[in-house]
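Asker: My structure is below; once you've seen it, I'll send some questions.
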Amino acid sequence: MKKQIIILIVSAAMGTTGFSQSTYKSAIGARIGSTYYDLISASFKTFISKPGAIELNLGFGSRGYFGYGNTATVSFAGSYQHHFDIPKVPGLKWFVGGGATVYNAFSDYDAYKGLGFGVFATGGVDYKIARIPLNVSADVRPTINITRPGYYNSFYGNYGVAARYTLR
């Protein structure tokens with residue numbers, strides 16, 4: 001019984017002294033996605049309230065088409081994410097939210113070039129490593145394209161992972 005009380009006191013003290021503190025205000029880094037328009041993205045995330053964050057991504061990608069050469073894309077995505085703590089693991093949160101993306105595809109083939117706009121729901125997990133200034137996350141962004149170049153699909157299941165340097 002005495003041992004359990006000591007463990008409880010030490011655990012509580014570590015939680016209040018910042019030993020296991022794992023929150024952050026903003027972070028900047030990279031996101032790797034699964035779709036052609038944001039295969040690799042610069043990623044910036046900042047909390048605007050305790051549970052709410054804005055994530056911005058500037059992405060680049062390419063896609064090859066048999067007989068038509070390559071298509072390069074540039075994209076910008078922004079999303080709101082509402083975070084929920086996972087109590088058993090300090091620094092680990094899950095989130096849900098939504099956002100929008102706009103992209104431009106450059107191609108030698110007219111049907112594959114042009115401007116696209118999509119909206120997406122998002123969900124995933126976010127983890128801030130306690131002892132180093134690193135945040136990692138994994139997310140899913142099923143995207144519905146509202147406008148798109150001719151031969152692009154209307155729906156994409158976009159999955160991604162990000163690693164960001166945290167700024168307090």
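The values are calculated or read from the model by the stated rules, or taken from the named source; none is laboratory data. Predicted model only: the values in this text are computed from it and were never measured. Heads up, the Cβs are rebuilt from the backbone with ideal geometry, glycines too, and the neighbour counts pull from every protein chain shown. Ligands, DNA and RNA are stripped out before the accessible areas are found, and what is left, the full protein with its side chains, is counted by its heavy atoms. Shrake-Rupley method; radii C 1.70, N 1.55, O 1.52, S 1.80 Å.
Asker: Pairs on different chains or at least eight residues apart, Cα atoms closer than 26 Å: how many lysine pairs in region 25-168 fit?
Answerer: Number of lysine pairs found: 13.
Asker: Further question on the same structure: Leaving out ligands, DNA and RNA but keeping every protein chain, what accessible area does Y127 have, in Å² rounded to the nearest 10, with a 1.4 Å probe?
Answerer: Accessible surface of Y127 is approximately 70 Å².
Asker: What share of Cα pairs, in percent, lie more than 13 angstrom apart in region 95-168?
Answerer: 71
Asker: Quantify how much of the Cα-Cα distance distribution of region 34-128 extends past 19 Å, in percent.
Answerer: Details: 2195 of 4465 pairs.
Everything past 19 Å amounts to 49 percent.
Asker: Relative to a virtual label point 7 Å from the Cα of A72 in the Cα→beta-carbon direction, which members of region 80-112 show backbone nitrogen distances below 17 Å?
Answerer: 103-110, 112
Asker: Sticking with this one: What are the residues whose amide H is under 5 Å from the amide H of S34, where those residues sit 5 or more places off or on another chain and H is modelled from the backbone?
Answerer: Y159
Asker: Right, something else. Using alpha carbon centroids, what distance separates region 129-151 and region 42-65, in Å?
Answerer: 6
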